[in-house]
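Working notes, structure below.
Only the coordinates and a few stated rules stand behind these numbers; no lab work does. This one's a predicted model, so the numbers in the text were calculated from it and none came from an experiment.
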Amino acid sequence: MRHLARLADYCSITNMHTKNLAIVWAPNLLRSKQIESACFSGTAAFMEVRIQSVVVEFILNHVDVLFSSKLSSVIRDGAGVCS
């Protein structure tokens, strides 16, 4: 994810900003067996991929916070858990 976020830094050259990267990479990063099944209609599959791309775009826009060592230590220590 950090690599994709770094690629987005060069969007002025490549025109691959976070939204474009998310559209391209979301189906691979958040693969859904439901979409691949024959029972999924085209519209439903499109909506699922759209949701996936929004999630990946959010992650790319917040990669520094989501993958920071500080957040990792908070999660590991259980400090964010409510009793």
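Across segment 14-25, in residue order, what do the Karplus-derived ³J(HN,Hα) couplings come to in whole Hz, using 6.51 cos²θ - 1.76 cosθ + 1.60 with θ = phi - 60° and x for Gly and Pro?
Taking θ as phi minus 60°, the curve returns 9, 6, 10, 7, 4, 5, 5, 4, 5, 4, 6, 8 Hz for segment 14-25.
Through the Karplus equation 6.51 cos²θ - 1.76 cosθ + 1.60, θ set to phi - 60°, convert the phi angles of segment 4-11 into ³J(HN,Hα) values in whole Hz; use x for Gly and Pro.
Karplus-based 3J(HN,Hα) across segment 4-11 equals 5, 5, 5, 4, 5, 4, 9, 4 Hz.
Would you kindly derive the ³J(HN,Hα) couplings of segment 48-61 from the backbone phi angles with the Karplus curve 6.51 cos²θ - 1.76 cosθ + 1.60 (θ = phi - 60°), listing them in order in whole Hz, with x for Gly and Pro?
My calculation for segment 48-61 gives 5, 5, 4, 5, 4, 5, 5, 5, 5, 4, 4, 4, 5, 6 Hz in order.
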